[in-house]
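I have placed the structure first, in the form of structure tokens, so that the comments after it can refer back to it.
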Amino acid sequence: IAHGSQYGTSLAALAPEFPNTAFAWGTAADTFGLPNVSSYEVAADEGGYVLGVIAALLSDSEVLGIVGPLEVGDAQLFVNGFRAGAVAAVPAVDVRTTYTGSFSDVALAAEAAAAHVAAGADALTGTAQMVVGAVGVAAENGAAWFGNQANQTDLAPDLVVASQVYHWEVALRQIIAGLDQGVLGGETYTLTLGNGGVVIEYNASYDLSQDVREVADEVTANIIAGSVNTGG
């Protein structure tokens, strides 16, 4: 298993040399046409959309800030989904997006978040490991934070509203089930709200109104039913 889009080129070259070995990689939807390569991806726009709805409904300033790494993969899907959900909930909302160009530069993430706060954002989100810098800025300024990939409540217990959590084991179980049936690859697996691959986890310590929670739950159900364009 090669976890990371940066491994695609290497895996495409390596897998044909070992035709009896099963390879898997993510997060992408490309098996390179190879029978022993599986790929897995995340419909991050789905949970992103739900979080965007919540953020827009909670915002007093109607300005939201997003800190992204690069415009690729599940990071871009999450950003697009969050923006789409926010605008669907509050059409006049100003969703400001900054891509830092890095998955790991904490300082750049903090700078981007600070610029959003200076522009009036009272709710922030982001994705990739560098967001710890942005969460720090949110905590310093009392801005609500919406997590992605993992439950980020521990980073700001009083300010994290909810997080979209990736459950990679859903794809892994599907890949293993395929191996048990003699399928070495050639399939793409997607984590979704519907199959439990992505889950919205709420911070029990955050006082989220029941009205907003009900809207979020309804939106989630509609996404699973396929009646919402989440912007992906």
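The values are calculated or read from the model by the stated rules, or taken from the named source; none is laboratory data. Everything numeric in this text was worked out from a predicted model, so none of it was measured. So basically every Cβ, Gly included, is an ideal-geometry build from the backbone, and we count neighbours across all protein chains shown. What goes into the accessible areas is simple: the full protein's heavy atoms, side chains included, and nothing from ligands, DNA or RNA. Shrake-Rupley method; radii C 1.70, N 1.55, O 1.52, S 1.80 Å.
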Global form of segment 1-96, assessed from the alpha-carbon gyration tensor, a/c cut-off 1.5
prolate
1.4 Å probe accessible area per residue over the chain, in Å²
44 Å²
Expressed as an acute angle from 0 to 90° and rounded to the nearest 10, what is the orientation of the C-alpha long axis of helix 210-225 relative to the principal long axis of the chain?
30 degrees
Which translational diffusion coefficient, to the nearest whole µm²/s, is obtained for the chain from the Stokes-Einstein equation, given a Kirkwood hydrodynamic radius over C-alpha pairs, 25 °C and 0.890 mPa s?
136 µm²/s
Please report the spacing between the Cα centers of segment 83-106 and segment 23-37 in Å, no decimals.
30 Å
Counting only protein heavy atoms and leaving out ligands, DNA and RNA, the solvent-accessible surface of Ser227 at a 1.4 Å probe, in Å² to the nearest 10, equals 80 Å²
Protein chains only, probe 1.4 Å: how do His116, His3, His167 rank by accessible area, largest first?
His3, His167, His116
The chain, accessible surface, carbon-and-sulfur percent (1.4 angstrom probe)
50 percent
Chymotrypsin sites (Phe, Trp or Tyr not before Pro) within segment 136-182: DSSP coil, no more than 14 neighbouring Cβ in 10 Å
none
Given R₀ = 35 Å, FRET efficiency for Arg213-Leu172 by Cβ-Cβ distance, to 0.05?
0.70
Which angle between 0 and 90 degrees, to the nearest 10, do you get for helix 168-180 versus the longest principal axis of the chain when only C-alpha atoms count?
10 degrees
Provide the FRET efficiency to the nearest 0.05 for the Val132-Asn20 pair, computing r from the beta carbons and using R0 = 45 Å.
0.60
Quick check for me: using +1 on Lys/Arg Cβ and -1 on Asp/Glu Cβ, what's the dipole size of the chain about its Cα centre, in debye to the nearest 20?
380 debye
Taking 37 °C and 0.692 mPa s as the conditions, I'd like the Stokes-Einstein D for segment 41-119 in µm²/s, using the Kirkwood hydrodynamic radius from alpha carbon pairs.
261 µm²/s
